[in-house]
Amino acid sequence: MSTAISTNKADKVNPAVKSTAYRAKRRFIIISLVPILLLFGVFAFLPIAWSLGLSAFKYDPLSSNAIFVGAENYIRMFQDSIFLKSLWVTFKFVFIAVLINIVITLLIASAIQRVRIPWLKNGFRTVFFLPTIAPLAGTAIVWNTMFNYNDGLFNMILAKVNMAPIQWLSDPHYALYSVIMMTLWADIGYNIVLFIAGLDSIPDMYYEAATLEGAGRWHVFLHITLPLLRRTLLFVSITTVVSYFQAFPQFQIMTKGGPFNETRVLSLQIYEQAFSSSNMGYASAMATVFLMIILLVTLLQLRWGRTQWEH
């Protein structure tokens, strides 16, 4: 009875009052969002637009002249063997590191999610997340010491098992994989936490039904866990791919692009062209191509990972 009376009162609210409330709500939303959008535009879109414009000039920040060269920087880029090499190294690094990252983090998250003792589960989560708190530059310096040929930790371990020492960061065959190893150690904590959250959100009824049907662990993982984890997988893969495309501190500190440009990723090449060689126009052209590549890869991931279901 009381519910019916309340509904009737709500229906009888003056339309003018409704309109005023709607305008006030709309004004509040605009006032709240405009400063954020302005800041986002100034610090995100304006630098991109500036870089796009600069890519059509031959510009040295130490000189007062900027010469318009049109598409010359872009043509030069695809005739530049170092640029093409850095592009290949970037894709190789991203493909290997992202693949290993997702496989390892998903396995670790699945193992932690099965732990039924709360304090132990939180302890594992904290242990794996701790490396992500440390600054990446500091972590790179520590790993640089561990990879030292003469007295580094890894060669000391190899010596204990009577194996020859390795030039971890100077040998072209090992340098990129050494940086990948360091990157994975420093970064897997985020994805483990995200995967655990995704696994916790899957209702138990699906697993109970699979158990009643006699499904094995591998079939449960393949046909229940993976499909229902698809949205988390999409988010993790996009953020990891974008993050690894932009990887820079570990390459700058540990190898500086060497040996023989085997670890020269595109972000490092852009940095050196812009700030070491003062070729801001050429560096802007490379940054524009880099932006297009990341945008294209992200759109493809969104298209392939799209889901239409709810649970």
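The values are calculated or read from the model by the stated rules, or taken from the named source; none is laboratory data. In this text, all values refer to a predicted model and were calculated from it rather than measured experimentally. All Cβ positions, even for glycine, are placed from backbone atoms using ideal geometry, and neighbour counts span all protein chains on display. Side chains are part of the model used for accessible areas, which takes the heavy atoms of the whole protein and leaves out ligands, DNA and RNA. Shrake-Rupley method; radii C 1.70, N 1.55, O 1.52, S 1.80 Å.
Of the listed pairs K58/K256; K85/K160; K92/K121, which have alpha-carbon separations greater than 28 Å here?
Working: K58/K256 25 Å; K85/K160 37 Å; K92/K121 34 Å.
Flagged as over cut-off: K85/K160; K92/K121.
Tell me the per residue accessible area of the stretch 243-311 using a 1.4 Å probe; a whole number in Å² is fine.
Values: 3380 Å² over 69 residues.
Using a 1.4 Å probe on heavy atoms only, each residue of the stretch 243-311 averages 49 Å².
At q = 0.07, 0.09, 0.11, 0.14 Å⁻¹, what is the base-10 log of I(q)/I(0) for the chain according to the Debye formula with one equal point scatterer per Cα and no solvent? Please give it to two decimals.
With one equal scatterer per Cα and no solvent, log10 I(q)/I(0) is -0.46, -0.70, -0.93, -1.19.
Provide the three semi-axes, in whole Å and in decreasing order, of the ellipsoid equivalent to the stretch 114-255 as defined by the square roots of 5 times the Cα gyration tensor eigenvalues.
Values: eigenvalues 273, 66, 47 Å².
With the √(5λ) rule applied to the stretch 114-255, the semi-axes are 37, 18, 15 Å.
In whole angstrom, note down how far apart the Cα centers of the stretch 44-68 and the stretch 214-240 are.
Comparing the Cα centres of the stretch 44-68 and the stretch 214-240, I get a distance of 45 Å.
Within the stretch 156-234, list the chymotrypsin sites (Phe, Trp or Tyr not before Pro) lying in a DSSP loop whose Cβ has at most 10 other Cβ atoms in a 10 Å radius.
On the way: sites: W168, Y174, Y177, W185, Y190, F195, Y206, Y207, W218, F221; in loops: W168, Y174.
Answer in residue order: no site qualifies.
In the neighborhood of A66, defined by Cβ-to-Cβ distances under 12 Å, what is the net charge if each Lys or Arg adds +1 and each Asp or Glu adds -1? Don't skip to the answer; put the middle values down first.
Details: positive: K58; negative: D60.
Here the count lands on 0.
Considering the options N148, V94, W304, tell which one lies farthest towards the positive end of the dipole of the chain, charges being +1 on Lys and Arg and -1 on Asp and Glu at the Cβ, about the Cα centre.
W304
Using only Cα atoms, what Kirkwood radius does the stretch 29-150 have, in angstroms?
Working: mean 1/r = 0.0489 Å⁻¹.
Roughly 20.5 Å, rounded to one decimal.
For the chain, the longest stretch holding no GluC sites (Glu not before Pro) located in a DSSP loop with at most 10 other Cβ atoms within 10 Å is which? Numbers along the way, then the final one.
Working: sites that count: E213, E310.
My reading of the result: 1-212 is the longest stretch.
Which ³J(HN,Hα) values, rounded to whole Hz and listed in residue order, are derived for the stretch 288-294 from phi using the Karplus coefficients 6.51, -1.76 and 1.60 in 6.51 cos²θ - 1.76 cosθ + 1.60 with θ = phi - 60°, glycine and proline given as x?
5, 5, 4, 4, 4, 5, 4
Taking just the C-alpha trace of the stretch 15-55, give me its Rg and Dmax in Å.
17.1, 56
For the stretch 199-311, give the percent of accessible area contributed by carbon and sulfur heavy atoms, probe 1.4 Å, rounded to a whole number. Can you show the working numbers first?
Details: 3810 of 6130 Å².
The value for the stretch 199-311 is 62 percent carbon and sulfur by accessible area.
How much FRET efficiency would the formula 1/(1 + (r/R0)^6) give for I36 and V242, where r is the Cβ-Cβ distance and R0 is 22 Å, rounded to 0.05? It would help to have the intermediate numbers written out before the result.
Numbers: r = 21 Å, r/R0 = 0.97.
About 0.55, to the nearest 0.05.
Tell me the label-point distance for the pair L291, I82, using the 7 Å Cα-to-Cβ offset, in nm and rounded to one decimal.
Each label point is offset 7 Å from its Cα along the Cβ direction, giving 2.4 nm.
Going through the stretch 223-258, which trypsin sites (Lys or Arg not before Pro) have at most 16 other Cβ atoms within 10 Å and a DSSP loop state? The partial results should precede the final answer.
On the way: sites: R230, R231, K256; in loops: K256.
Listed in order of number, the matching sites are K256.
Which lysines have a Cα less than 19 Å from the Cα of K18, not counting those fewer than 8 places away in the same chain?
Partners within reach: K9.
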